[in-house]
1. Every residue in segment 5-36 that is assigned to a loop (DSSP other than H, G, I, E, B), out of contact with any Lys or Arg (no Cβ under 9 Å at 6 or more places or on another chain) and within 18 Å of Tyr68 (Cβ to Cβ), please.
2. Identify all residues within segment 37-60 that are small (Gly, Ala, Ser) and either assigned to a helix (DSSP H, G or I) or on the phi > 0 side of the Ramachandran plot (or both); write none if there are none.
3. Taking segment 29-43 as the search range and keeping residues that are over 11 Å from the mean Cα position of the chain (by Cα) and not basic (Lys, Arg), which one is most open to solvent (accessible area, probe 1.4 Å)?
4. Just need a number here: residues in segment 61-72 that are within 12 Å of Ala13 (Cβ to Cβ) and either outside any loop (DSSP other than H, G, I, E, B) or of a type in the set (S, T, N, Q) (or both).
5. Kindly indicate which of Ala63, Ala46, Ala25 is open to solvent by less than 60 Å² (accessible area, probe 1.4 Å) and over 10 Å from the mean Cα position of the chain (by Cα).
Amino acid sequence: MFEIKRYKKKDLARLYRPDTPTDAAAVELLRRDINYCRELKEKLEALPSYNVHAGEFSKQQVALIAYYLGEP
């Protein structure tokens, strides 16, 4: 079962894209998924803790991602 907690971006991206050849590629694909889901992107950007350049997602951000993209 997927746990809602703080994740490094690469770790969360790997959960969503386990077959991707590199961590960087998995992160890029997760970023694209987030950008494609306009409502998710807007909700994340509205959070004071959200920073596109941060190396990890907060628990609140992970909860939003799982809600909009489904659990990995």
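The values are calculated or read from the model by the stated rules, or taken from the named source; none is laboratory data. Every value quoted in this text rests on a predicted model; they were computed, and no experiment measured them. Cβ coordinates were reconstructed from backbone atoms using ideal geometry, including for glycine residues, and neighbour counts include every protein chain displayed. Each accessible area value is taken on the protein alone, full model and side chains, heavy atoms only, with ligands, DNA and RNA left out. Shrake-Rupley method; radii C 1.70, N 1.55, O 1.52, S 1.80 Å.
1. Within segment 5-36, the first condition is being assigned to a loop (DSSP other than H, G, I, E, B), and the residues that meet it are 5-6, 17-22.
Narrowing the set further to residues that are out of contact with any Lys or Arg (no Cβ under 9 Å at 6 or more places or on another chain) leaves 17-19, 21-22.
Listed by number, the list holds a single entry, Arg17.
2. Residues of segment 37-60 small (Gly, Ala, Ser): 46, 49, 54-55, 58.
Hit for segment 37-60 is Ala46, nothing else.
3. Step one: filter segment 29-43 for residues over 11 Å from the mean Cα position of the chain (by Cα), giving 36-39, 42-43.
Going one step further and asking which of them are not basic (Lys, Arg), we end up with 36-37, 39, 42.
Working: Tyr36: 200, Cys37: 32, Glu39: 100, Glu42: 107 Å².
Across segment 29-43, the extreme among qualifying residues is Tyr36.
4. Here is the first cut: in segment 61-72, the residues within 12 Å of Ala13 (Cβ to Cβ) are 62, 65, 69, 72.
Among the residues that remain, those that are also either outside any loop (DSSP other than H, G, I, E, B) or of a type in the set (S, T, N, Q) (or both) are: 62, 65, 69.
Here the count works out to 3.
5. Working: Ala63 fails: over 10 Å from the mean Cα position of the chain (by Cα); Ala46 fails: open to solvent by less than 60 Å² (accessible area, probe 1.4 Å).
Step by step, each of Ala63, Ala46, Ala25 is checked, and only Ala25 is open to solvent by less than 60 Å² (accessible area, probe 1.4 Å) and over 10 Å from the mean Cα position of the chain (by Cα).
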